[in-house]
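The values are calculated or read from the model by the stated rules, or taken from the named source; none is laboratory data. As the structure is a computational prediction, the values presented were derived from the model and not from experiment. All Cβ positions, glycine included, derive from the backbone under ideal geometry; neighbour counts span all protein chains shown. Heads up: the accessible areas ignore ligands, DNA and RNA and are worked out on the full protein's heavy atoms, side chains in. Shrake-Rupley method; radii C 1.70, N 1.55, O 1.52, S 1.80 Å.
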Amino acid sequence: MNKRIFKIFVFTFLCGGIFSQDIAIPDTITLIEEVKILAPRSLNESGAKIMKMDSLIIENKLNSDLSALLSENSSVFIKSKGKGSLTTASFRGTNASHTKVLWNNIPLNSPLLGMVDMSLIPTNIADEISLYYGGASLIKTAGALGGVVDLKTRPYNWDRNLRAKIISSYGSYSSFGNAAEIGIGNEKIQSVSKAYLFSSDNNFEFVNNDIINGSIQKQNNADYEQKGFLQEMYYRPGTKSLAGLKLWYQKTDRGIPALTTNESNFNNRTSRQNDENLIMSAEYSYFNNNYKIDLNSGTNIQTTDYEHKNYINGVGLYKTVNSLSKANSFYNKINYNRKIKRLFEFDVGAGYNFHKINSHELVRNEGYDTTRQEILLFISAYTDIIKNTKLGMLARKEIYDNDFAGIIPSVFAEYHFNNNLIFRSSLARNIKYPNMNDLYFSPGGNPDLKHEKGLQFESGFELNHLSKYINIKSCISGFYSKVHDWILWRPTVMGFWQPENISLVEAKGIEFNLMLNYKLSNIKITTSGNYAYTSSVNKSAPINSNDNSVGKQLPYIPLHSANLFIRAEYNDFYFSYQWNYYSERFTGSAAEPGLLVSIYPYYMNDISLGKKIKINGISCNLGFFVYNIFNESYRSVLWHPMPGRNYTVRIVLEVG
């Protein structure tokens, strides 16, 4: 049955006509009776694949983390060890450190690891979520060889004096989610405050087939608690300027469960991790008819404390690992944008970043302290002076300490056949510097690593159809990239892992996207779907006679992935269906000792239903969610179980 659904889904895409290179979710499409509004893209986004998440899909994932939103509504691959555990994202066959996440222009990536744990980012902390694929990432930053996830907050409607929202949910395994926000202000000043608390015992049962005489077990030491708050202040002194101050604090305490291959008593060992983050951002914009100046300054302070204890007879639980890392990062950026008669648009920008790192393992008394300075330069030019054609070029220059890499150029092109059909294409070079742990981790850091160098090309078509009752945005895009000096951690004969540069990784594939909105009287149907074919292969020369990794798909990159979201509304009732598919994934390269293990493909099915009620100016949204409705046993990461069928009840109260 699931295979039949998958074939029908792919067939629908293939027969859907011509698709676009832009987004699976429309920028802003509103259908109200016979009024149709399609927000135009900025000239400096021409030729780029940018996916802006629809507010309806974000609403469906309130009180969830960012990984759930991305895995179910985009072609981004999410590698998850389970709810509340380490979860990473990768675009187009790249690895987690090739994905950058920005919150109000402040990078959330750890300078030590280079990646972001998506399970630590609640969906509630962003009002707008955009994905920049491949070369489009250079519009935001350099170094994102896969892409960028851009999170933004914004002031409420300046005409509203007061707005408040409360979200509360309860689910299986004693999972609680509570969030509240309030906005208040006038046409000059706006204040937005948000707070949240999420927790779960996460003690689901699963069948463990990874041990001899496999049996039903209960997940142990997988509980988590996450709490945080945001404060945003906006000041608009006139019609030509806007200032903003934003603060986000979060603290997470979670257990790290043992692998399913562990046959000892779960009480014989325990691991826990505490993450604490403080992000601050100050913004100022001045805009005139023809130009705009943006100033941005902020800091990201990250602290991670990991402890592992083993049970020793006569002693009890003894701490064998205590890893404490702190990263203080400071970011500064200025950008000048100039438009000339709507035919040309120019951007010039510069930035300076500073990182101070302390990373130590306190039991063995190992670690490192270091700093890094980054100087960033940026220039771009776009034009639509040629009829039906938009052209653009962009160049970046980044200097890390004394490492002067080359220019990072990119070119973009876009041709409009008519109002509905668009062709887009881009060619870009990109560079990513090694992370701090790549260089200095003890033991294993390699200070002789080279920076990774990528070349990216993509092309695609976009088709838009707007009518009285139905809106369709469909797209197809093909991509190809080469990454030289890809950084890969490998085991060594000395008993620890060490990063090294492998000469070449080649990634190529096709992405299909579809968004459909239908409305007739009191009936409204929203559908979005994504399919990706991703080949990401090691093209390097063998490092020795036993190296079988050459020509093989990289670890944890599925060759096929797809998802489908359908929501039907009638009056104030709604029903949603979510479907996900991932093909077989390999867990390591063939160069590693032991057998090459693969994770079987799986299909995931979720449903939800609810009712909207409005009483005396208060909107109430009652929802009931069923996840994994067919109770499928599956894995996203080897030896990490995932929950079977589970449930959540949610209520959202909103005023204003």
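At 7 Å along the Cα-to-beta-carbon direction for both I301 and N267, put a label point, then send me their distance in nm to one decimal.
According to this spin-label approximation, the distance is 4.0 nm.
Could you compute the FRET efficiency for N418 and S168, with r as their C-beta to C-beta distance and R0 at 60 Å, rounded to 0.05? Before the final figure, lay out each step's value.
Working: r = 48 Å, r/R0 = 0.81.
My answer for the efficiency is 0.80.
At 1.4 Å probe size, put K194, K188 in order of accessible surface, largest to smallest.
If we order K194, K188 from most to least accessible, we get K188, K194.
How high is the relative contact order of the chain, in percent, with contacts defined as C-alpha pairs under 8 Å that are six or more residues apart? Intermediate results must be reported in sequence, preceding the final value.
Values: 1862 pairs, mean separation 83.0, N = 656.
It comes to 13 percent, rounded to a whole number.
Could you please put W639, W248 in sequence from largest to smallest accessible area, using a 1.4 Å probe? Provide the component values of the computation, followed by the final result.
On the way: W639 95, W248 10 Å².
Correct descending sequence by accessible area is W639, W248.
Give the carbon-plus-sulfur fraction of the accessible surface of the range 257-366 in %, rounded to a whole number; probe 1.4 Å, heavy atoms of protein chains only. Intermediate results must be reported in sequence, preceding the final value.
Details: 3330 of 6260 Å².
C and S fraction of accessible area: 53 percent.
With every protein chain in place, what's the accessible area of E345 (1.4 Å probe, Å², nearest 10)?
Near enough 10 Å² of accessible area.
Could you calculate the contour length gain from L427 to K356, that is, 0.36 nm times the residue separation minus the distance between their Cα atoms, to one decimal place in nm?
Full extension of this stretch gives 22.1 nm more.
On the full set of protein chains, 1.4 Å probe, figure out the accessible area of T239 and give it in Å² to the nearest 10.
120
The list [x] 49, 33, 19; [y] 75, 27, 21; [z] 36, 31, 27 gives values of semi-axes √(5λ) of the Cα gyration tensor in Å, and only one came from this structure; which label was calculated from it?
[z]
State, as an integer percentage, the relative contact order of the range 161-276 based on alpha-carbon contacts under 8 Å between residues 6 or more apart.
On the way: 256 pairs, mean separation 22.8, N = 116.
Relative contact order for the range 161-276 comes out at 20 percent.
Expressed as a whole percentage, what fraction of the accessible surface of the range 123-219 belongs to carbon and sulfur atoms when a 1.4 Å probe is rolled over the protein heavy atoms? Could you put the intermediate results ahead of the total?
Values: 1960 of 3880 Å².
Here it works out to 50 percent.
Once you have the Cα-Cα distance between F344 and Y286, take 0.36 nm times their residue separation minus that, and quote the gain in nm to one decimal.
Length gained, F344 through Y286: 18.9 nm.
Please give the per residue accessible area of the chain, computed with a probe of 1.4 Å over protein heavy atoms only, in Å². The partial results should precede the final answer.
Details: 29230 Å² over 656 residues.
Normalised by residue count, the accessible surface of the chain is 45 Å².
Restricting to bridges with both residues inside the range 80-156, how much of the DSSP beta-bridge set is antiparallel, in percent to the nearest 5? Don't jump to the answer; show the numbers that get you there.
Working: 9 of 14 bridges.
If we restrict to bridges inside the range 80-156, about 65 percent are antiparallel.
In the range 436-451, whose amide N lies under 13 Å from the spot 7 Å out along Cα-to-Cβ of A541? List them in ranges.
So the set is empty, nothing qualifies.
So if each residue of separation counts as 0.36 nm, and I subtract the Cα-Cα distance between I385 and N209, what length gain in nm does that give?
Numbers: separation 176, 0.36 × 176 = 63.36 nm, distance 6.35 nm.
Fully extending the segment from I385 to N209 adds 57.0 nm.
Taking Cα centroids, how far is the range 88-158 from the range 171-222 in Å?
Measuring centre to centre over Cα atoms gives 21 Å.
Obtain the nm distance between the two label points defined at S503 and N161 by a simple spin-label model: each point lies 7 Å from its Cα along the Cα-to-C-beta direction.
Going by the 7 Å Cα→Cβ label model, 7.2 nm.
Just to verify a number: FRET efficiency for I334 and D369, C-beta to C-beta distance, R0 = 25 Å, to 0.05? Mind showing how you got there, number by number?
Working: r = 30 Å, r/R0 = 1.21.
According to the calculation, E is roughly 0.25.
Starting from the residue with the highest accessible area, list H465, H360 in decreasing order, probe 1.4 Å. List each step's numbers first, then the result.
Working: H465 85, H360 60 Å².
Heavy-atom accessible area, descending, gives H465, H360.
Rounded to the nearest 500, what is the 222 nm mean residue ellipticity of the chain from helices alone, with -39500 (n - 2.57) per DSSP H run of 4+ residues and division by all residues? The partial results should precede the final answer.
On the way: 4 runs with 32 residues, N = 656.
Using -39500 (n - 2.57) per qualifying helix, the result is -1500 deg cm²/dmol.
Any chance you could check the Cα centroid distance between the range 563-581 and the range 312-330 for me, in angstrom?
Value for the Cα centre distance between the two parts: 45 Å.
Which three extents, in whole angstrom, do the alpha-carbon atoms of the range 322-361 cover along their principal axes, largest first?
So the extents along the principal axes, rounded to whole Å, are 60, 14, 7.
Compute the relative contact order of the range 530-647 as a whole-number percentage, counting only Cα pairs closer than 8 Å that sit 6 or more residues apart in sequence. Provide the component values of the computation, followed by the final result.
On the way: 243 pairs, mean separation 21.7, N = 118.
The value is 18 percent.
Compute the distance from the alpha-carbon center of the range 389-422 to that of the range 331-372, in whole Å.
Measuring centre to centre over Cα atoms gives 20 Å.
Using a 1.4 Å probe on the protein heavy atoms only, what accessible surface does L520 show? Give it in Å² to the nearest 10.
70
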